[in-house]
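Engineer: Please find one structure pasted underneath; my questions will follow.
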Amino acid sequence: MARMTDDHAARPAETFAALHQRDRPLLLPNAWDHASAALLHAHGFPAVGTTSLGVAAAAGLPDGVRATREETLRLAGTLGALPFLLSVDAEDGFSDDPGEVGSFAAELRARGAVGINLEDGLGPVGRHVAKIRAVRLAAPGLFVNARTDTYWLGDGEGTRKRVLAYRDAGADGVFVPGLTDLGAIAALVRDLEGCPLNVLYAPGGPSLARLGDHGVRRVSLGSLPYRRALGAALDAVVAVREGREAGEGTVPSYREVQELVG
């Protein structure tokens with residue numbers, strides 16, 4: 001069942017787009033369930049994305065092979081009712097058919113999402129262009145963040161051609177994970193002429209402030225929070241096994257986690 005009317009859906013989407021036009025980049029943390037999303041919002045994040053790896057791994061499924069279409073929809077339905085702006089990582093739209101991708105995007109929007117992240121997987125440019133156009137037609141107002149995997153899966157070749165094609169197809173922003181070179185980032189920002197550039201935060205790479213100085217408008221954390229959570233859980237268990245203190249780091253109390261549900 002839709003959680004908002006078309007009129008109500010448009011206003012949050014406009015607000016989400018506005019977050020990409022501030023002096024500092026939008027830092028978009030990525031959640032994988034209700035508690036992680038609610039906790040991030042409770043600590044001041046107005047917008048939260050999902051991580052396809054976290055959603056897939058939590059369900060015991062592989063990422064990036066179109067195995068989590070239903071899990072992604074269910075999570076969108078859960079998070080779309082919460083009081084923050086939700087952008088959904090939808091892999092490649094779970095189909096090669098642009099019409100099916102458009103229908104999926106419309107379902108996300110009906111569940112309260114204001115943004116979608118679509119990756120090209122280095123597939124044909126024309127196919128991704130068609131998907132972007134289909135989403136714009138089927139889910140008006142949904143912020144389309146078009147991802148290219150030229151740096152994630154390749155050596156960066158063809159990045160400019162792809163992102164400009166996606167921008168011209170109607171993408172509201174473009175995402176180039178794996179791109180960390182500040183010179184290449186600045187050149188891409190100039191080429192995009194106002195279309196927001198999203199990059200993935202890289203530990204040891206440029207800071208949020210440095211990325212902003214070079215024109216980046218959105219910085220995603222991807223699966224990093226999920227992987228850090230797994231690592232923290234493992235560290236705590238091993239510490240107890242070895243007779244060490246397991247209380248290091250941020251540990252929400254039982255009551256605090258219960259309050260997230262409320």
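The values are calculated or read from the model by the stated rules, or taken from the named source; none is laboratory data. The structure displayed is predicted, hence computed values, not measured ones. Note that each Cβ is placed from the backbone with ideal geometry, even for glycine, and that neighbours are counted across all protein chains shown. These area figures cover heavy atoms from the full protein model, side chains too; ligands, DNA and RNA do not enter into them. Shrake-Rupley method; radii C 1.70, N 1.55, O 1.52, S 1.80 Å.
Engineer: Which one is surrounded by the fewest Cβ atoms within 10 Å (Cβ to Cβ), of the residues in the range 76-98 that are of a type outside the set (Ser, Thr, Tyr) and part of a strand (DSSP E or B)?
Structural biologist: Filtering the range 76-98 for residues of a type outside the set (Ser, Thr, Tyr) gives 76-77, 79-86, 88-94, 96-98.
Next, only the ones that are part of a strand (DSSP E or B) stay: 85-86, 88-89.
Details: 85: 24, 86: 27, 88: 28, 89: 27.
Of everything passing the filter in the range 76-98, 85 is surrounded by the fewest Cβ atoms within 10 Å (Cβ to Cβ).
Engineer: Show the residue pairs that are 6+ apart or on different chains and have beta-carbon atoms under 7 Å apart, the first residue being within the range 231-254 and closer than 20 Å to residue 54 by Cβ, the second being of a type in the set (Gly, Ala, Ser) and in a loop (DSSP other than H, G, I, E, B).
Structural biologist: 232/249; 236/246
Engineer: I'd like the residue in the range 129-141 that is under 14 Å from residue 169 (Cβ atoms) and either in contact (Cβ under 8 Å) with a residue 40 or more places away in the chain or assigned to a strand (DSSP E or B) (or both) and, out of all such residues, is least open to solvent (accessible area, probe 1.4 Å).
Structural biologist: 135
Engineer: Right, residue 143: within 24 Å of residue 21 (Cβ to Cβ) and out of contact with any Lys or Arg (no Cβ under 9 Å at 6 or more places or on another chain) or not?
Structural biologist: Numbers: within 24 Å of residue 21 (Cβ to Cβ): yes; out of contact with any Lys or Arg (no Cβ under 9 Å at 6 or more places or on another chain): yes.
So residue 143 fits the description; yes.
Engineer: Kindly provide the set of residues from the range 73-105 that are under 13 Å from the mean Cα position of the chain (by Cα), farther than 15 Å from residue 36 by Cα and free of Cβ contacts under 8 Å to residues at least 40 places away in the same chain, ordered by number.
Structural biologist: If the condition is that a residue be under 13 Å from the mean Cα position of the chain (by Cα), farther than 15 Å from residue 36 by Cα and free of Cβ contacts under 8 Å to residues at least 40 places away in the same chain, then 90, 91, 92 are the ones that fit.
Engineer: Output the residue which, of all residues in the range 153-171 that are free of Cβ contacts under 8 Å to residues at least 40 places away in the same chain and in a loop (DSSP other than H, G, I, E, B), is surrounded by the most Cβ atoms within 10 Å (Cβ to Cβ).
Structural biologist: 171
Engineer: What number goes with the only condition from (1) modelled with pLDDT under 95; (2) open to solvent by 30 Å² or more (accessible area, probe 1.4 Å) that residue 239 does not pass?
Structural biologist: Tallying (1) modelled with pLDDT under 95; (2) open to solvent by 30 Å² or more (accessible area, probe 1.4 Å), residue 239 fails exactly one: (2).
Engineer: Go over the candidates 40, 73 one by one and state the one that is in contact with a Pro (Cβ under 8 Å, 6 or more places away or on another chain) and either more than 17 Å from residue 225 (Cβ to Cβ) or open to solvent by less than 50 Å² (accessible area, probe 1.4 Å) (or both).
Structural biologist: 40
Engineer: I've got another one for you. Is there a residue in the range 171-185 that is of a type in the set (Asp, Glu) and closer than 21 Å to residue 143 by Cβ?
Structural biologist: Applying the first criterion (of a type in the set (Asp, Glu)) to the range 171-185 yields 172, 181.
From the residues that got through so far, the ones that are closer than 21 Å to residue 143 by Cβ too are 172.
There is at least one residue in the range 171-185 that is of a type in the set (Asp, Glu) and closer than 21 Å to residue 143 by Cβ.
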